[in-house]
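Undergrad: The structure is given below, and queries will be raised subsequently.
The values are calculated or read from the model by the stated rules, or taken from the named source; none is laboratory data. This one's a predicted model, so the numbers in the text were calculated from it and none came from an experiment. Don't worry about glycine lacking a Cβ; one is built from the backbone with ideal geometry, like all the others, and counts go over all protein chains shown.
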Amino acid sequence: MRTERKSRLKAILLNLLLLPCMLAAAVATWLAFVFVWLTVSPFRSRHAYHRMERGIVQRFGRFCLWLMRPIAPVELSGGDFRTHHPDSQIFVLNHKSFSDTFLCSLLPVRDPLVLLNRGASRTPVLGMGIRYLAWLNITDIPFEEWREKCFEELAQGADIICFPEGTRSGSKPTGPFHSGIFRIAVAKGLSVTPVLITGNEETPKRGSIFLKPAKIRMRMLAPVTPAPNEKPFVFKERVRRMMIEELEIMEGKNHVG
Amino acid sequence: MNNEIVERVNQIFNETFEIPREKLLPESKLFDDLGLDSLDAVDLVVALKEECGIDLRKDPRIRKIVTMADVYELVDCVLKEKAG
């Protein structure tokens, strides 16, 4: 009981230290955006400029995770998180918490295009950032439109990061997947790389900014390629089943054997 | 409910989405239980047009569909309307 109270107090103190540092990092990121906008955008292509800004955001995410280490260290396993693949890749992640957005920064991407929902796009500061980075709010634009934008970005070498559940599942089981990104993968014959995240269900909890102590685990599976003539729905369900099975193993819910 | 329609609709689901027949129960929810989304629903409308000759694209009743039973009922209703 006493140890529990002590560790809770420690978490509160760490949160009090951490959150202002994250806020300061966010301000610094915005200043870096403005600097790049003033110095780079007049001379470079729009895509090159976005790539730089997305790189800045990736560093911001990694810095936040570094800050979070005393509360929520991250353990990586599975695929190679360090080497960027020369071809464009599509990463699909399960979505448990807001901190998943920081965890995306650990993926081996150079020019990440993140697909987000309306909720994220309407968040005051984050929403502005999303528009600034030319990330896509896929709830409010027709599929045909954002599919074309994804095709363009993939052709220019961008990697796509998507949370096919569309919303945070928290401690609930993995929700149904939206099929959009799988339709894009099937249309282009591209593989998708499933990435599992667990442990951060309450880091932070929905509707809160308090980072509960946790051990976050992130596992990258081997890329999954659509079979010839495989229907997008079937491909989506195949990847979802793989992800659920792997999550069950990670969370110790697999009782087989 | 007409068994023939249930069988036809189940066949369309099985062929279009490869959903096993044992999962196609009247109470199965299209989005929560079977995993369909709005884009898959468009594929369903196309398949229903091809297989049953009914066009549900502009039918407002399609928005109210939640379960497989709703699909059976709508297809039955539209086929009856078509037959006059």
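Undergrad: Filter region B:19-44 for residues that are within 14 Å of chain A (Cβ to nearest Cβ), more than 22 Å from A:PRO173 (Cβ to Cβ) and surrounded by fewer than 15 Cβ atoms within 10 Å (Cβ to Cβ) and give the result.
TA: B:VAL42
Undergrad: Let me ask you something else. Listed residues B:PHE13, B:PHE17, B:PHE31; which is in contact with a Gly (Cβ under 9 Å, 6 or more places away or on another chain), of a type outside the set (Ser, Thr, Tyr) and either within 21 Å of A:GLU165 (Cα to Cα) or modelled with pLDDT of 95 or more (or both)? Step through it out loud before you land on a result.
TA: Details: B:PHE13 fails: in contact with a Gly (Cβ under 9 Å, 6 or more places away or on another chain); B:PHE31 fails: in contact with a Gly (Cβ under 9 Å, 6 or more places away or on another chain).
From the options B:PHE13, B:PHE17, B:PHE31, the qualifying one is B:PHE17.
Undergrad: Can you tell me how many residues in region A:175-219 are charged (D, E, K, R) and in contact with a strand residue (DSSP E or B) (Cβ under 6 Å, 6 or more places away or on another chain)?
TA: Total satisfying the criteria: 2.
Undergrad: Still on this model: Scan region B:14-30 for residues that are without any contact (Cβ under 8 Å) to a residue 12 or more places away in the chain and under 26 Å from A:GLY180 (Cβ atoms) and jot them down.
TA: At the first step, the residues of region B:14-30 found to be without any contact (Cβ under 8 Å) to a residue 12 or more places away in the chain are B:14, B:18, B:20-23.
Correct list: B:ASN14, B:GLU18, B:PRO20, B:LYS23.
Undergrad: Can you tell me which residue is farthest from the other protein chains (Cβ to nearest Cβ) among those in region A:206-228 that are hydrophobic (A, V, I, L, M, F, W, C), part of a strand (DSSP E or B) and in contact (Cβ under 8 Å) with a residue 40 or more places away in the chain?
TA: That would be A:ILE216.
Undergrad: Could you check, for region B:53-63, whether at least one of its residues is within 19 Å of A:SER179 (Cα to Cα) and at pLDDT below 95? Outline the logic, then answer.
TA: From region B:53-63, those within 19 Å of A:SER179 (Cα to Cα) are B:63; that's our starting set.
The next check asks that each one be at pLDDT below 95; those that pass are B:63.
Scanning region B:53-63, I find at least one residue that is within 19 Å of A:SER179 (Cα to Cα) and at pLDDT below 95, so the answer is yes.
Undergrad: Return only the number of the condition from (1) outside any loop (DSSP other than H, G, I, E, B); (2) more than 23 Å from A:GLU248 (Cα to Cα) that A:LEU190 does not satisfy.
TA: Here A:LEU190 clears every test but (1).
Undergrad: Looking at the structure I just gave you, is A:LYS231 basic (Lys, Arg), under 20 Å from the mean Cα position of the chain (by Cα), within 19 Å of A:SER179 (Cβ to Cβ) and within 14 Å of another protein chain (Cβ to nearest Cβ)?
TA: Criteria not met by A:LYS231.
To keep it simple, each residue is scored yes or no on (1) within 14 Å of chain B (Cβ to nearest Cβ); (2) in contact with a Leu (Cβ under 6 Å, 6 or more places away or on another chain); (3) crowded, with 16+ Cβ neighbours inside 10 Å.
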{"residue": "A:THR83", "(1), (2), (3)": "no, no, no"}
{"residue": "A:SER105", "(1), (2), (3)": "no, no, yes"}
{"residue": "A:VAL109", "(1), (2), (3)": "no, no, yes"}
{"residue": "A:ARG131", "(1), (2), (3)": "no, no, no"}
{"residue": "A:GLU144", "(1), (2), (3)": "yes, no, no"}
{"residue": "A:PHE163", "(1), (2), (3)": "yes, yes, yes"}
{"residue": "A:LYS172", "(1), (2), (3)": "yes, no, no"}
